[in-house]
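**Q** Please find one structure pasted underneath; my questions will follow.
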Amino acid sequence: DTGVSQNPRHKITKRGQNVTFRCDPISEHNRLYWYRQTLGQGPEFLTYFQNEAQLEKSRLLSDRFSAERPKGSFSTLEIQRTEQGDSAMYLCASSLRTTGSSYEQYFGPGTRLTVT
Amino acid sequence: GDSVTQMEGPVTLSEEAFLTINCTYTATGYPSLFWYVQYPGEGLQLLLKATKADDKGSNKGFEATYRKETTSFHLEKGSVQVSDSAVYFCALSEGNSGGYQKVTFGTGTKLQVIP
């Protein structure tokens with residue numbers, strides 16, 4: 001297994017356009033997370049999936065954002081009507097829930113979004 | 001809510017110097033603590049972890065001890081190399097009502113090691 005992968009790695013879009021990112025977690029991992037990282041800051045939690053169920057969304061996730069994980073494997077994050085403030089690195093992470101695990105999360109390389 | 005505070009960078013050191021990056025945390029329960037590293041152009045990688053008080057996490061010559069009494073998890077390395085140049089994030093993970101572990105990160109400390 002090569003780890004968590006994300007596509008595309010870079011996306012430049014014009015304000016008002018819609019964008020979609022994809023995350024492929026480590027194959028046996030049942031938990032998947034999305035984070036956003038702006039320049040000079042640490043990642044901030046956006047949302048979390050246990051298998052195909054989206055169990056929590058941060059207040060950072062406005063109604064222009066939607067995430068799905070239809071078959072409990074890969075996930076997509078869509079941003080509608082992008083704004084310049086959406087420019088950031090979007091990180092995906094996955095983990096495996098097991099008894100006694102410290103639930104450490106494994107991160108993908110991220111998708112850098114630039115809204116012009 | 002949970003929070004992590006780490007020393008601001010950038011930190012510039014000469015090769016073979018001793019490294020300390022300070023990290024303190026605020027949490028309501030008993031979190032697990034982590035250091036993640038982000039090399040230029042790469043994703044976050046877990047460097048080390050500690051899951052309970054007095055545990056010492058170590059990896060690649062780095063180490064950090066979970067100090068509950070001072071709510072700290074300082075990162076140390078005895079002799080840094082140029083290849084250690086990266087951004088280091090202190091983080092904590094605590095269970096919540098949703099039954100999962102949300103990770104809260106500090107703002108990161110950039111380390112630059114010069115030959």
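The values are calculated or read from the model by the stated rules, or taken from the named source; none is laboratory data. Just so you know, these numbers come straight off a predicted model, no measurement behind them. Virtual Cβ from ideal backbone geometry, glycine too; neighbours counted across all protein chains shown. All accessible areas refer to the heavy atoms of the entire protein, side chains included, with ligands and DNA or RNA removed. Shrake-Rupley method; radii C 1.70, N 1.55, O 1.52, S 1.80 Å.
**Q** What residues have an amide H closer than 5 Å to that of B:Glu15, excluding those fewer than 5 places away on the same chain, when H is modeled at 1.01 Å from N in the peptide plane?
**A** The answer is B:Ile114.
**Q** May I ask you to derive the relative contact order of chain B, considering only C-alpha pairs under 8 Å and at least 6 residues apart, and to give it as an integer percent?
**A** Contact order relative to length: 36 percent.
**Q** Relative contact order (percent) for chain A, with alpha-carbon contacts under 8 angstrom and 6 or more residues of separation?
**A** Details: 288 pairs, mean separation 42.4, N = 116.
So the answer I get is 37 percent.
**Q** Give the average, rounded to an integer, of partner chain Cβ atoms located within 10 angstrom of each Cβ in A:104-110. Working shown, then result.
**A** Values: counts 10, 9, 4, 8, 2, 5, 4.
For peptide A:104-110, the averaged partner shielding equals 6.
**Q** Ordering A:Lys71, A:Lys11, B:Lys52 by accessible area with a probe of 1.4 Å, largest first, what comes out?
**A** Per-residue accessible area, sorted high to low, gives A:Lys71, B:Lys52, A:Lys11.
**Q** I've got another one for you. What order do B:Met7, A:Met89 take when sorted by accessible area (1.4 Å probe), most exposed first? Present the calculation step by step, with values, prior to reporting the outcome.
**A** Details: B:Met7 65, A:Met89 30 Å².
Largest to smallest exposure gives the sequence B:Met7, A:Met89.
**Q** Separation of the range B:37-109 and the range A:1-59 by C-alpha centroid, Å?
**A** Distance between centres, Cα-based: 21 Å.
**Q** Of B:Lys56/B:Lys110; B:Lys52/B:Lys77; A:Lys71/B:Lys60; A:Lys71/B:Lys52; A:Lys57/B:Lys60; A:Lys11/A:Lys57, which pairs sit farther than 27 Å apart, going by alpha carbon to alpha carbon?
**A** Values: B:Lys56/B:Lys110 23 Å; B:Lys52/B:Lys77 21 Å; A:Lys71/B:Lys60 37 Å; A:Lys71/B:Lys52 35 Å; A:Lys57/B:Lys60 35 Å; A:Lys11/A:Lys57 23 Å.
Pairs exceeding 27 Å: A:Lys71/B:Lys60; A:Lys71/B:Lys52; A:Lys57/B:Lys60.
**Q** Take the Cα of B:Thr71, step 7 Å along the line toward its Cβ, and report every residue of the range B:14-52 whose backbone nitrogen sits under 11 Å from that point.
**A** In the range B:14-52, the label zone of B:Thr71 (backbone N under 11 Å from the point 7 Å along Cα→Cβ) covers B:24-29.
**Q** Would you mind computing, in nm to one decimal, how far apart the modelled labels at A:Ser66 and A:Arg9 are, each placed 7 Å from Cα along Cα→Cβ?
**A** 3.0
**Q** Report B:Ser79's accessible area, 1.4 Å probe, all protein chains in place, as a number in Å² to the nearest 10.
**A** Rounded to the nearest 10, that gives 50 Å².
**Q** Also: Of the accessible area of chain B, with the probe set at 1.4 angstrom, what percent is carbon plus sulfur?
**A** 47
**Q** Also: Quick one: dipole size for the range B:1-94, taken about the Cα centre, charges +1 on Lys/Arg Cβ and -1 on Asp/Glu Cβ, in debye to the nearest 20.
**A** So the dipole magnitude of the range B:1-94 works out to roughly 220 debye.
**Q** May I pose another question? Within 10 Å of each Cβ in A:40-50, how many Cβ atoms from other chains are there, averaged over the peptide? Display every interim value, and only then the final one.
**A** Details: counts 6, 5, 15, 9, 3, 4, 0, 0, 5, 1, 3.
Mean number of neighbouring Cβ atoms from other chains: 5.
**Q** Roughly how big is chain A's charge dipole about its Cα centre, with Cβ charges of +1 (Lys, Arg) and -1 (Asp, Glu), in debye to the nearest 20? Intermediate values should be presented prior to the final figure.
**A** Details: 15 positive and 12 negative charges, 79 e Å.
Value, rounded to 20: 380 debye.
**Q** How do A:Ile12, B:Ile114 stack up against each other in accessible area, from largest to smallest, with a 1.4 angstrom probe? Provide the component values of the computation, followed by the final result.
**A** Working: A:Ile12 125, B:Ile114 70 Å².
Result, largest first: A:Ile12, B:Ile114.
**Q** Under a Cβ-Cβ cut-off of 12 Å, what is the net charge of the residues other than A:Ser75 that fall near it, where Lys and Arg count +1 and Asp and Glu count -1?
**A** 0
**Q** Across peptide B:39-50, how many C-beta atoms of other chains are within 10 Å of each residue C-beta, on average?
**A** Shielding by partners across B:39-50 averages 3.
**Q** I'd like the accessible area for B:Ser32, computed on protein heavy atoms only with a 1.4 Å probe and all protein chains in place. Round to 10 Å², please.
**A** 20
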